[in-house]
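Student: Before I ask anything, here is the structure I am working with.
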Amino acid sequence: MPKTKKPSTTQLLPKLFSINRSMRALMGLKLAEIGLYQGHDELLVALSANTGTTVSSLADILQIRPSTISKTVDHLVARGLVERTRDPDDARLTVICITPSGTEMQRRIKEVWQAVEGDFQQMHDWNRVEGDLRLVEEILRKWRSSS
């Protein structure tokens, strides 16, 4: 059996960067269909319906700077998807709580994620990165044209 030649870093990284850009563009388009921006989905899904979460906890969970979390929360508060409240156990802390509208949006986000993941599950051969990338680009073109 012939050995598979490993691609050099200079061949692999541009492909990975391209995949990353394509995925961000793809998710941006799909999230726009439900009225969200990139990053809003991850923050909303990280919230639990039963408990509040501090900005610093969300920053740790999502591995994003607290200032970025605060700005995203501002957008989501304005849309009525989350609210800031005092921590019932420590009034010095503010926690982020998901609203009923936010819980409904979580459901819609998960539907988007499942649809995108379903498209990717159709790819069988993970060794053929270029073919997979073409598929991503084809899916992206299809979604752009239908938006």
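Student: Among helices (runs of 4 or more DSSP H) lying entirely in segment 8-123, which contain 2 or more residues that are among the acidic types (Asp, Glu)? Reasoning before the result, please.
Tutor: Values: elements: 9-32, 40-46, 55-62, 66-78, 100-121.
Result: 40-46, 100-121.
Student: Let me ask something else. Would you confirm whether any residue within segment 76-93 is in contact (Cβ under 8 Å) with a residue 24 or more places away in the chain, out of contact with any strand residue (DSSP E or B) (no Cβ under 6 Å at 6 or more places or on another chain) and closer than 22 Å to LYS142 by Cα?
Tutor: Scanning segment 76-93, I find no residue that is in contact (Cβ under 8 Å) with a residue 24 or more places away in the chain, out of contact with any strand residue (DSSP E or B) (no Cβ under 6 Å at 6 or more places or on another chain) and closer than 22 Å to LYS142 by Cα, so the answer is no.
Student: Now, a different point. Return the residues of segment 82-112 that are within 16 Å of the chain's Cα centre (by Cα) and surrounded by 15 or more Cβ atoms within 10 Å (Cβ to Cβ); say none if nothing qualifies.
Tutor: GLY102, MET105, GLN106, ARG108, ILE109, VAL112
Student: Return the total of residues in segment 19-63 being surrounded by fewer than 16 Cβ atoms within 10 Å (Cβ to Cβ), farther than 29 Å from ARG141 by Cα and within 16 Å of the chain's Cα centre (by Cα).
Tutor: The qualifying residues number 3.
Every number in this text was worked out from the coordinates using simple rules, so none of it is lab data. Keep in mind that what you see is a predicted model, and the values were worked out from it rather than measured. Note: ideal-geometry Cβ built from the backbone for every residue, glycine included; neighbour counts use all protein chains shown.
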